[in-house]
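The values are calculated or read from the model by the stated rules, or taken from the named source; none is laboratory data. Only a predicted model underlies this, so the values are computations on that prediction, with no experimental measurement involved. Cβ: placed from backbone, ideal geometry, glycine included. Neighbour counts: every protein chain shown.
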Amino acid sequence: MIEIRGLEKYFGTLQVLKGIDLDIPKGEVLSIIGASGSGKSTLLYCINGLEAIQAGTVTVAGTDVHAKGTDINKLRQKMGMVFQQWNSFPHLTALENVALAPQIVKGKSKAEARDIAAKQLEHVGLGDKLHVYPSALSGGQQQRLAIARALAMEPDYMLFDEATSALDPELVGEVLDTMRLLAEEGMTMICVTHEMSFARDVSDRVAFFHQGVIEEIDTPENIFGSPKSEHLQKFLSNIR
Amino acid sequence: MELTISFFSGFQPSDLLYLTQAAWRTLLISILSISIGTVLGGLFGWMMYEGKWAAALTLGPLLDVFRSVPLIIQLVLFYNFAPIIGLNLDPFLSGVVILSIYCASLVANVARGGMEAVGQPMRRAARSLGMTYWQDLRYVVLPIGGRAVFPSWVGVALGVMKDSALVSVLGYIELLKASQILITRTQEPLLILTIAGAFYFALSYPISRYAATLEKRWTS
Amino acid sequence: MFDYNFHWRPVFKSLPDLLAAGLTTLEIAALSMVLGIIFGLGLALIRMHMRGPLKWLASAWVELARNTPALFQLFFFGFGLGAVGIHMSPYVIVLVALSFNCAGYLAENFRGGFQAIPDTQIRAARSLGMTAWQSYTRIIIPQVFRIVYHPLTNQMVWAVLMSSLGMLVGFRELSGETQALASRTYRIFEYFAVTAVIYYVIVKIILLGSRMLATRLFRY
């Protein structure tokens, strides 16, 4: 369970998050939509502590993310993150990319880590690319590699930051399919996304972000079928 | 009666003038060698880039030699070889010859890299507009490639300026040699070396900083 | 044209001595590279992450090393320090001067390398739960190494070439040995010509070795 209360975030004097209250129960798939620059990605970074916050609290499974004594590295093992630009490690093969963190963070033996890695790469459909370097993989494959890398840590939550926005159109499908698979398997997911089909078909709830606040949060049917806020209506008509 | 001859005297203001003149001589041999070396190096780089003529194939390895043998060895060799073939060059001219060739070999690589950095697409665009080969070279390749390799060229130029200190082994009295002479007389190595170091620093640092700001301006 | 009689035989008889001195050259170049890498890395990290007097000192080291001639630095550590009572053997003087110089140049290379890695790499590593130390040693440093590999090789070649300056402070590496032998027989040209060839071969071996090592280390 992730609980967010009164979250405020500034970049210098610019306020990006203006008081967020949000609960994400285990097993939920939450999609976050909204215009660029509305603070969606920043919210994700505040959840796993990659960005500091100025007010409010973020509690993950009972632990305050931003408290002074929190072991943030331990907490991050519970939260997997997939970035827009995948950020695969170019100097390691696919297998090594996925096996590294289980080995050095969780302390698994090299053989055990490689087993886990192979299994996760199989899981995302890259079973035949174990010993390939990221430079030889397409964007979609590298993104799936990034998903496998996050999954190898056996997280309770997966955070997706516009995972498909940097991909060529024909590669988007394979990544969305992987994310759909994870949702069906019961993973708790928070997805910042522009892919409305995914938000509509796969999510349990959709949150609409506008200028640093959650303007509306509801089931996909209500968000897309009967949007209440004016900004949301405008947003949806723009993307149609 | 006691007759004392003092060979050593302390550092005097006239010595500062002496060092300044020596610094000027460093500058002189540097500017001369860098100018000749850059022109030659540009020419060699262009020849290697175009890949025409057997000269281009032999030029690369030949210039490579000048980068693979210590400069001091090159200076000694040339200075001792020149009389053999009847060339009686003083230390200054020997230094200029070797430093120019050394500079040319470094600039050739830099120049070739610069031309290659411009890229076929841009040159094709220029030619398809009707420019001749030389117009393309002058208006497209040189400005663009020149900007790309300017920082490297400054590095080479400053390197040659610093390496000019080696010509002192032939007897040319530039800054470092002058420092040695003063040290022998005044027995104040630290003071003199600090002053000489300040001169070298003053010759090199501002130029490299200026080049860095130019580069920043050009790439933004 | 050639009134000069070339006498090569004494040189070839001394070849074993020259080659042994060549090994000394390699040894001192390698040692100064090792020290240069250690200190250079430290200097780069200090300049990137610290403030205050320590950062100022590190910057002073780097800028002095890069903006003054290597020969000047050699004289400073040899004669300059000698004046205040710090006397070192020629070997140590050359080692200190070369290491000082290498560290300065390498510090800039390392800094450029670190800055070339996008900090999204750190984000990705930290988001997996890696500590800062793990992120640096497993993810950042291997990538930096790849970027600075070519400059490192060039610096090694440079160290070999600049070690020849040791002959001016009485150090018997390759050039110093050549000088000693040549002055005994007055066959200066012949001796230095052979030495030039030895240097060329050493440099070529280093470049070849470096390229082969690269294909094994960097398969991406």
Any chance residue B:172 is aromatic (Phe, Trp, Tyr) and not in a helix (DSSP H, G or I): yes
Looking only at region A:20-39, and only at residues there that are at pLDDT 90 or above and either among the β-branched types (Val, Ile, Thr) or in contact with a Gly (Cβ under 7 Å, 6 or more places away or on another chain) (or both), the one that is farthest from residue A:67 (Cα to Cα): A:33
Cβ-Cβ under 9 Å pairs, at least 6 apart or on other chains, region B:193-205 side within 7 Å of another protein chain (Cβ to nearest Cβ), far side part of a helix (DSSP H, G or I) and of a type in the set (Val, Ile, Thr): B:193/B:183; B:200/B:26
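Condition check ((1) surrounded by fewer than 19 Cβ atoms within 10 Å (Cβ to Cβ); (2) in contact with a helix residue (DSSP H, G or I) (Cβ under 7 Å, 6 or more places away or on another chain); (3) in a loop (DSSP other than H, G, I, E, B)) across all residues:
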{"residue": "A:7", "(1), (2), (3)": "no, yes, no"}
{"residue": "A:38", "(1), (2), (3)": "no, no, yes"}
{"residue": "A:52", "(1), (2), (3)": "yes, no, yes"}
{"residue": "A:80", "(1), (2), (3)": "no, yes, no"}
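Specify the residue that is nearest to the other protein chains (Cβ to nearest Cβ); the eligible residues are those in region C:184-220 that are hydroxyl-bearing (Ser, Thr, Tyr) and farther than 30 Å from residue B:82 by Cα. First the steps, then the outcome.
Restricting attention to region C:184-220, the residues satisfying the condition of being hydroxyl-bearing (Ser, Thr, Tyr) are C:185-186, C:191, C:195, C:199-200, C:210, C:215, C:220.
Narrowing further to those that are farther than 30 Å from residue B:82 by Cα: C:210, C:215, C:220.
Working: C:210: 14, C:215: 14, C:220: 4 Å.
Across region C:184-220, the extreme among qualifying residues is C:220.
Considering only residues of region B:1-51 that are among the acidic types (Asp, Glu) and more than 30 Å from residue B:67 (Cα to Cα), which is modelled with the lowest pLDDT?
Pass one, region B:1-51, residues among the acidic types (Asp, Glu): B:2, B:15, B:50.
Now drop any that are not more than 30 Å from residue B:67 (Cα to Cα), which leaves B:2, B:15.
Numbers: B:2: 53, B:15: 82.
By that ranking, first place goes to B:2.
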Single residue of B:156, B:167, B:141 found to be of a type in the set (Val, Ile, Thr), out of contact with any Leu (no Cβ under 6 Å at 6 or more places or on another chain) and within 26 Å of residue B:92 (Cα to Cα): B:167
Count - residues of region C:179-220 that are in contact with a Lys or Arg (Cβ under 8 Å, 6 or more places away or on another chain) and closer than 13 Å to residue C:18 by Cβ: 1
Where a residue in region C:67-81 is within 7 Å of chain B (Cβ to nearest Cβ) and over 16 Å from residue C:32 (Cβ atoms) and its partner, wherever it lies, is of a type in the set (Val, Ile, Thr) and assigned to a helix (DSSP H, G or I), with Cβ under 7 Å and at least six apart: C:79/B:183
Residues (under 20 Å from residue A:80 (Cα atoms) and in contact with a Phe, Trp or Tyr (Cβ under 9 Å, 6 or more places away or on another chain)) located in region A:127-143: A:134, A:139, A:142, A:143
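Name the single residue, out of those in region B:173-192 being of a type in the set (Val, Ile, Thr) and without any contact (Cβ under 8 Å) to a residue 24 or more places away in the chain, that is surrounded by the fewest Cβ atoms within 10 Å (Cβ to Cβ). Give the steps one after another, and end with the answer.
So in region B:173-192, the residues of a type in the set (Val, Ile, Thr) come out as B:173, B:181, B:183-184, B:186, B:192.
Those left that are additionally without any contact (Cβ under 8 Å) to a residue 24 or more places away in the chain: B:181, B:183-184.
Numbers: B:181: 16, B:183: 21, B:184: 12.
Going through the qualifying residues, I end up with B:184.
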Among (1) loosely packed, with under 15 Cβ neighbours inside 10 Å; (2) part of a loop (DSSP other than H, G, I, E, B) - the single one residue A:84 does not satisfy: (1)
Checklist (1) within 20 Å of residue B:143 (Cα to Cα); (2) within 11 Å of chain C (Cβ to nearest Cβ) applied to residue B:108, failing item: (2)
Failed item in (1) out of contact with any strand residue (DSSP E or B) (no Cβ under 9 Å at 6 or more places or on another chain); (2) under 30 Å from residue A:77 (Cα atoms), with residue C:123 passing the rest: (1)
Breaking point among (1) surrounded by fewer than 18 Cβ atoms within 10 Å (Cβ to Cβ); (2) under 16 Å from residue B:44 (Cα atoms); (3) within 14 Å of chain C (Cβ to nearest Cβ), for residue B:156: (1)
